[in-house]
Amino acid sequence: QVQLVESGGGLVQPGGSLRLSCAALGFTLDDYAIGWFRQAPGKEREGVSCISYSGGSTYYADSVKGRFTISRDNAKNTVYLQMDHLQPEDAAVYYCAALGTMSNAHAMCVMTEVYFAMDYWGKGTLVTVSS
C-alpha cells in the first residue's frame, strides 16, 4: 500500500523541541519533493517547510525560519522536520505531502495550484505546545 506516515508529534512545553518524521511506504522518496504543512483549529492549512526532490532547494515559512530545519534521508526513505524553540502558535496537526520531481520548494509550499497537485498526503500528527 502506497502511503506517507507521519510520526513524532506530541505535547511539548514552550521553548521545547520535537522532530517529526515522514516515512514513505510502498514507494521511494528519491524522486519526490516533500512538504510539511500544518493546520490549526479554525485556520487554513499552511505550508511550513518544503524540500525539493534533490534536496537542493528548501523553503521555510517566515514564522518558522531559524527554528525549524527540514532534511531528507533517502536511504531511510524518510524526511524530517526538526522543530526547536516551539511556541504555542506552532500547535497544529502537521501533515507531510509528496510531489514527484518537484525542484522548486518555494512553489510547493505556497502555490495553491501546486497544493492541489500533490501525489500523496499523510494523515497527520498532532503537535501541542503548552505549559
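The values are calculated or read from the model by the stated rules, or taken from the named source; none is laboratory data. Keep in mind the model is a prediction, meaning the values are calculated, not measured. Here the Cβ positions follow ideal geometry from the backbone for every residue, glycine too, while neighbour counts run over all protein chains shown. Note: accessible area is taken over every heavy atom of the protein model, side chains too, but ligands, DNA and RNA are not part of it. Shrake-Rupley method; radii C 1.70, N 1.55, O 1.52, S 1.80 Å.
Under a cut-off of 29 Å between alpha-carbon atoms, report the lysines in cross-link reach of Lys43, not counting same-chain residues fewer than 8 places apart. Output for Lys43: Lys65, Lys123. Using only side-chain charges placed at the Cβ, +1 for Lys and Arg and -1 for Asp and Glu, the dipole size of the chain relative to its Cα centre rounds to 220 debye. Estimated from helical segments only, the mean residue ellipticity of the chain at 222 nm is -1500 deg cm²/dmol, where each DSSP H run of four or more residues counts as -39500 (n - 2.57). Ligands, DNA and RNA are left out, and with a 1.4 angstrom probe the accessible area of the chain is 49 Å² per residue. Considered as an equivalent ellipsoid built on the Cα gyration tensor, the stretch 59-131 has semi-axes of 22, 15, 13 Å, the largest given first.
Carbon and sulfur together cover what percent of the accessible area of the stretch 57-131 at a 1.4 Å probe radius?
50
The amide H of Asp119, built 1.01 Å from its N in the peptide plane, has Ala98, Leu99, Gly100 as neighbours under 5 Å, considering only residues 5 or more places off or on other chains. The local environment of Leu99, defined by Cβ-Cβ distances under 14 Å, has a net charge of -3 under the rule Lys, Arg +1 and Asp, Glu -1.
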